[in-house]
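Peer 1: Take this structure first; my questions come after.
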Amino acid sequence: MQASGRFRYLDHLINVFVVVLIVSNLVAPKIIAIGAFRLSGAQILFPITYIFGDIFTEVYGYSASRRAIWTGFLASGLLSVMGLILVALPPAPEWTDQNAFEKVFHFVPRLVAASLIAYWCGEFTNAFVLARLKVFTRGRMLWVRTIGSTVAGQLVDTIVVMLLAFGGSLNLATIGTLILSGYLGKVLYEAAATPLTYLVVNSLKRAEGVDVYDTSTDFNPFHGSK
């Protein structure tokens with residue numbers, strides 16, 4: 001794998017990936033009504049991070065995806081910690097927007113931990129599955145890799161976040177319904193975005209002159225890029 005400094009677009013893509021991840025956290029409290037369906041703001045944006053994950057792994061390899069995942073994890077953690085600290089600090093008497101500020105930045109610690117752990121597990125599952133499928137399919141059938149990795153990654157993400165966030169406070173039937181509805185929505189989102197993923201992946205491969213196959217990659221999430 002080449003050093004990231006030799007790629008024209010990798011750092012820019014990681015920056016956009018982190019921005020999308022952070023914004024999805026900030027807009028999560030908004031509940032959107034589409035007919036009888038209800039979605040949170042995060043459900044509109046967060047699946048895009050999995051599309052980015054597919055692009056990182058498919059074009060630049062697992063180590064680039066690992067770097068992006070850790071960068072996003074640290075950025076999300078920092079946002080959550082700073083939100084908790086700033087909400088807890090006493091507001092100035094003349095500042096009257098504390099309630100509005102709390103509505104946006106009062107992250108519940110349990111939900112923060114659940115979302116961070118689920119993100120970490122799901123993104124690494126997505127990257128690993130796509131990298132192995134690329135070798136197995138010898139670079140053919142990109143749609144199998146993008147959808148297959150999302151099926152695995154989003155399953156892990158959705159189960160982990162729902163169990164950690166609501167286990168013990170909601171009954172298992174309700175949690176199961178939340179997992180199923182959230183999971184199906186994310187997978188359908190990824191499937192619908194497949195043509196765009198094809199376009200971006202093929203364009204980047206031509207522009208960067210690279211197409212990495214993770215045939216002998218160290219997939220340990222805690223190891224540096226090899």
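Peer 1: Conditions: (1) surrounded by 12 or more Cβ atoms within 10 Å (Cβ to Cβ); (2) over 16 Å from residue 126 (Cα atoms); (3) more than 18 Å from the chain's Cα centre (by Cα). Residue 182 meets all but one. Number of the miss?
Peer 2: (3)
Peer 1: For the range 157-175, check the following and say yes or no: at least one residue is buried (at least 18 other Cβ atoms within 10 Å of the Cβ), touching a Cys at 6+ places or on another chain (Cβ under 7 Å) and of a type outside the set (Lys, Arg).
Peer 2: Checked the range 157-175: at least one residue is buried (at least 18 other Cβ atoms within 10 Å of the Cβ), touching a Cys at 6+ places or on another chain (Cβ under 7 Å) and of a type outside the set (Lys, Arg).
Peer 1: Just checking, how many residues over the range 4-54 are in a helix (DSSP H, G or I) and closer than 27 Å to residue 64 by Cα?
Peer 2: Count: 33.
Peer 1: Right, another one. Among 71, 57, which is closer than 30 Å to residue 211 by Cα, buried (at least 19 other Cβ atoms within 10 Å of the Cβ) and of a type in the set (Ser, Thr, Tyr)?
Peer 2: Checking each option against the conditions leaves just 57.
Peer 1: Scan the range 116-142 for residues that are of a type outside the set (Gly, Ala, Ser), in contact with a Gly (Cβ under 6 Å, 6 or more places away or on another chain) and buried (at least 22 other Cβ atoms within 10 Å of the Cβ) and jot them down.
Peer 2: 123, 126
Peer 1: Take the residues in the range 78-101 that are within 19 Å of residue 41 (Cα to Cα) and surrounded by 14 or more Cβ atoms within 10 Å (Cβ to Cβ), then tell me which one is farthest from the chain's Cα centre (by Cα).
Peer 2: 101
Peer 1: Looking at this structure, is residue 152 within 14 Å of the chain's Cα centre (by Cα), surrounded by fewer than 18 Cβ atoms within 10 Å (Cβ to Cβ) and either of a type in the set (Phe, Trp, Tyr) or under 16 Å from residue 48 (Cα atoms) (or both)?
Peer 2: Yes.
Peer 1: Under 6 Å between Cβ atoms, at least 6 apart or on separate chains: pull out the pairs that start in the range 48-73 with a residue that is farther than 16 Å from residue 222 by Cα and end on any residue that is in a helix (DSSP H, G or I) and of a type in the set (Gly, Ala, Ser).
Peer 2: Sorted first by the residue in the range 48-73, then by its partner, the pairs are 53/65; 53/127; 56/64; 56/65; 56/68; 57/65; 57/127; 57/131.
Peer 1: Checking the condition in a loop (DSSP other than H, G, I, E, B) and either farther than 24 Å from residue 73 by Cα or in contact with a helix residue (DSSP H, G or I) (Cβ under 6 Å, 6 or more places away or on another chain) (or both), which residue from 197, 158, 174, 215 passes?
Peer 2: Of 197, 158, 174, 215, the one residue that is in a loop (DSSP other than H, G, I, E, B) and either farther than 24 Å from residue 73 by Cα or in contact with a helix residue (DSSP H, G or I) (Cβ under 6 Å, 6 or more places away or on another chain) (or both) is 215.
Peer 1: Name the residue that is surrounded by the most Cβ atoms within 10 Å (Cβ to Cβ), counting only residues in the range 28-54 that are hydroxyl-bearing (Ser, Thr, Tyr) and modelled with pLDDT of 80 or more.
Peer 2: Residue satisfying both the conditions and the ranking: 50.
Peer 1: Moving to a separate point now. Out of curiosity, is residue 81 touching a residue at least 60 places away in the same chain (Cβ under 8 Å) and in a helix (DSSP H, G or I)?
Peer 2: no
Peer 1: Of everything in the range 90-139 that's hydroxyl-bearing (Ser, Thr, Tyr) and not in a helix (DSSP H, G or I), which residue is farthest from residue 70 (Cα to Cα)?
Peer 2: In this case the residue turns out to be 96.
Peer 1: Cβ-Cβ below 6 Å, separation at least six or inter-chain, first residue in the range 160-189 and among the basic types (Lys, Arg), second assigned to a helix (DSSP H, G or I) and surrounded by 12 or more Cβ atoms within 10 Å (Cβ to Cβ): which pairs?
Peer 2: 186/47; 186/154
The values are calculated or read from the model by the stated rules, or taken from the named source; none is laboratory data. For clarity, every value in this text was computed on a predicted model and none was experimentally measured. All Cβ positions, glycine included, derive from the backbone under ideal geometry; neighbour counts span all protein chains shown.
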